[in-house]
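In what follows, a structure is listed as structure tokens, so that the remarks can point back to it.
The values are calculated or read from the model by the stated rules, or taken from the named source; none is laboratory data. Worth saying up front: this structure is predicted, and the values here are computed from it rather than measured. Every residue, glycine as well, gets a Cβ built from its backbone with ideal geometry; the counts of neighbours run over all protein chains shown.
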């Protein structure tokens, strides 16, 4: 019988192929399909997989997937901890909680209470059994050791300062800490003495100390050169502390001063000087040393206000005698006598006792400005130089050393004759052009009837139509405002009276200044000093201007707070220096120099006044 190795090899095996087998001691054959039908087929599965049985009923092993947190490496199944994302969240920690830790490569449970052992308190710090960290002060000590902290030489606004607020430690910025201090936190002081000190900053923001004695010495030196501020009054005025306290009030027109004790306040004081030609009336509520409620021309008074146990008193001490004659009474019985084309004779009932003089006032009926005739000593006067066929108002008042009495009732009288229209206005000139205004002046006609009023007309040069700039003017000057910058204008003036309007004056042409920017700063360089004569010559002034090309104008005002009403255009000198010669004021008094841009910008006053005599 041949051996197996001697048998020929087959190229493939099928289920129908026959194999020899021994069954019950007898040799038999079986096909390959029947032989393998009862055997387990070959299992093919990827390395790292598990076998298991997940299906119902009979069957062979099935692959089992390794879940989250497990790792099958070769034949070893281990936990890798990646399943923690699925754990439920812990809302709060307690000392009985546990944490999983890696200890020398092995996972272990760690009670959270043991974590406290990893921490140790530092200086002045304590950790209790519950893990609470707090500041602690060693037994027998008084607090933190400030001397152990680093030293700083300066402090800034953002630096922090430690404070205890409501029993809890906090910090606050140095800026807020200083800002929070109030005067009532300081200890109450005793009566002031020369040795007392207070904080001052000298030439920097560094605080130094100064004594009251040194402060008094400085004030005493300043008081020697102190000059009482002056204020000219021309209209009825109510006294107040803000405008008049500590001032010398120069009254250049007859007026009435009214007290306002509430606005004046206790301790109010001012000096009044009457430079007008009539009485200054002291309103109701002022007690006077003379017993009369007026200050005569050339006299002065000191007005004070004080509150005491009896109430509030406004008192005026008037220079001269403590008593004076009574002011004359009101004139009565005024009537007209002989009336001509240019004069009216008046008479009235004489006063007893006779006053020093009588003064007649007159005006054209319908106007407001009064003119005065020469004083007379008798109760009759003839007013001459009047316009023909014109109605005039007349009134008379008496004058004594005590002042002027109340004016009489008004009587109206019309002159006789006929009136001719005025002639042509002469001498029309322009001056002081700014970016929006030009000043005009002229002379009255030399022919025709007397002038009642003037009309000013203007137009843009090159145009035909004239527009009225002003009507019913009674003065021979006018400032035209509201003009356009860098524009040429024509001007003419006409005179009028009750008979009509005269011919227009010769045309005067002038251009407004160009608007070249506003002035941002003015520094005085040359200012008036000494004393000047009113109405005589001009006074030189100059100032440095920023920007240097911005034009300016100069003027004089009787007030250090109210700018002038008329200006003189400045002339460019060099770099940023502008100057001008400004006509001396026509009325005596104290004046202040002003400078501003021609567009009205940066109006600047020199604070020290100058005297015009």
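Somewhere in segment 263-270, is a residue in contact with a helix residue (DSSP H, G or I) (Cβ under 8 Å, 6 or more places away or on another chain) and farther than 27 Å from residue 562 by Cα?
no
What are the residues in segment 486-524 that are surrounded by 15 or more Cβ atoms within 10 Å (Cβ to Cβ) and within 33 Å of the chain's Cα centre (by Cα), if any?
The answer is 512, 513, 515, 516, 519, 522, 524.
Exposed (fewer than 15 other Cβ atoms within 10 Å of the Cβ) and at pLDDT 90 or above: is that true of residue 562 in this structure?
When the stated conditions are applied, residue 562 passes them.
Looking at 161, 152, 200 in this structure, which one is modelled with pLDDT of 85 or more and under 23 Å from residue 135 (Cα atoms)? Lay out the reasoning, then the answer.
Values: 152 fails: under 23 Å from residue 135 (Cα atoms); 200 fails: under 23 Å from residue 135 (Cα atoms).
Matching residue, one of 161, 152, 200: 161.
Filter segment 565-605 down to the residues that are farther than 21 Å from residue 547 by Cβ, under 28 Å from the mean Cα position of the chain (by Cα), modelled with pLDDT of 90 or more and not in a strand (DSSP E or B) and list them by number.
566, the sole residue that qualifies.
Output the residues belonging to segment 203-255 that are at pLDDT below 90 and at positive phi.
203
Checking residue 447 against (1) without any contact (Cβ under 8 Å) to a residue 60 or more places away in the chain; (2) surrounded by fewer than 16 Cβ atoms within 10 Å (Cβ to Cβ); (3) in contact with a strand residue (DSSP E or B) (Cβ under 7 Å, 6 or more places away or on another chain), which test does it fail?
Going through (1) without any contact (Cβ under 8 Å) to a residue 60 or more places away in the chain; (2) surrounded by fewer than 16 Cβ atoms within 10 Å (Cβ to Cβ); (3) in contact with a strand residue (DSSP E or B) (Cβ under 7 Å, 6 or more places away or on another chain) one by one, residue 447 breaks only (3).
Going residue by residue through segment 161-176, is there one that turns out to be touching a helix residue (DSSP H, G or I) at 6+ places or on another chain (Cβ under 7 Å), more than 30 Å from residue 563 (Cβ to Cβ) and not assigned by TED's automatic domain parsing to the domain that holds residue 248?
yes
Residue 529 passes all but one of (1) modelled with pLDDT of 90 or more; (2) within 29 Å of residue 243 (Cα to Cα); which number fails?
(1)
May I ask you to verify whether residue 549 is within 28 Å of the chain's Cα centre (by Cα) and either buried (at least 18 other Cβ atoms within 10 Å of the Cβ) or over 23 Å from residue 234 (Cβ atoms) (or both)?
yes
Take residues that are farther than 30 Å from residue 591 by Cβ and tell me which of the strands (runs of 3 or more DSSP E) falling wholly in segment 192-267 contain 1 or more.
Working: elements: 197-201, 207-211, 230-233, 248-251, 256-258.
By residue number, 197-201, 207-211.
Residue by residue, here is whether (1) over 20 Å from residue 431 (Cβ atoms); (2) touching a residue at least 24 places away in the same chain (Cβ under 8 Å) holds:
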position	(1), (2)
553	no, yes
558	yes, yes
564	no, yes
574	yes, no
585	no, yes
591	no, yes
596	no, yes
604	yes, yes
608	yes, yes
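Sort through 16, 46 and tell me the only one that's assigned to a loop (DSSP other than H, G, I, E, B), more than 30 Å from residue 132 (Cα to Cα), modelled with pLDDT under 75 and more than 60 Å from the chain's Cα centre (by Cα).
46
Among (1) in a loop (DSSP other than H, G, I, E, B); (2) at positive phi, which single condition is residue 333 missing?
Result: residue 333 fails condition (1) only.
Which members of segment 500-522 meet the condition of being within 30 Å of residue 415 (Cβ to Cβ) and touching a strand residue (DSSP E or B) at 6+ places or on another chain (Cβ under 8 Å)?
Across segment 500-522, the qualifying residues are 501, 502, 503, 504, 505.
Residues of segment 565-578 being surrounded by fewer than 16 Cβ atoms within 10 Å (Cβ to Cβ) and closer than 30 Å to residue 229 by Cβ, which ones? Break it down stepwise before answering.
Our first condition is that a residue be surrounded by fewer than 16 Cβ atoms within 10 Å (Cβ to Cβ); within segment 565-578, this holds for 565, 571-575.
Passing the criteria: only 565.
Among the residues of segment 217-234, are any in the same structural domain as residue 266 (by TED's automatic domain parsing), under 20 Å from residue 255 (Cα atoms) and exposed (fewer than 10 other Cβ atoms within 10 Å of the Cβ)?
The answer is no, given that none of the residues of segment 217-234 is in the same structural domain as residue 266 (by TED's automatic domain parsing), under 20 Å from residue 255 (Cα atoms) and exposed (fewer than 10 other Cβ atoms within 10 Å of the Cβ).
Among the numbered criteria (1) at negative phi; (2) without any contact (Cβ under 8 Å) to a residue 12 or more places away in the chain, which one does residue 290 miss?
(2)
Against the condition surrounded by fewer than 10 Cβ atoms within 10 Å (Cβ to Cβ) and within 25 Å of residue 52 (Cα to Cα), how does residue 82 come out, does it pass?
Against the criterion (surrounded by fewer than 10 Cβ atoms within 10 Å (Cβ to Cβ) and within 25 Å of residue 52 (Cα to Cα)), residue 82 does not qualify.
Go through 189, 157 for me and flag whichever is in contact with a helix residue (DSSP H, G or I) (Cβ under 6 Å, 6 or more places away or on another chain) and in a loop (DSSP other than H, G, I, E, B).
157 is the lone residue from the list that is in contact with a helix residue (DSSP H, G or I) (Cβ under 6 Å, 6 or more places away or on another chain) and in a loop (DSSP other than H, G, I, E, B).
What is the residue count in segment 448-458 for residues that are part of a strand (DSSP E or B) and either modelled with pLDDT under 95 or within 13 Å of residue 425 (Cβ to Cβ) (or both)?
So the answer is 6.
Scan segment 491-501 and give yes if some residue there is outside the structural domain of residue 571 (by TED's automatic domain parsing), free of Cβ contacts under 8 Å to residues at least 60 places away in the same chain and on the phi > 0 side of the Ramachandran plot, otherwise no.
Step one: list which residues in segment 491-501 are outside the structural domain of residue 571 (by TED's automatic domain parsing), which gives 491-501.
Now narrow it down to the ones that are free of Cβ contacts under 8 Å to residues at least 60 places away in the same chain: none.
No, because not a single residue in segment 491-501 is outside the structural domain of residue 571 (by TED's automatic domain parsing), free of Cβ contacts under 8 Å to residues at least 60 places away in the same chain and on the phi > 0 side of the Ramachandran plot.
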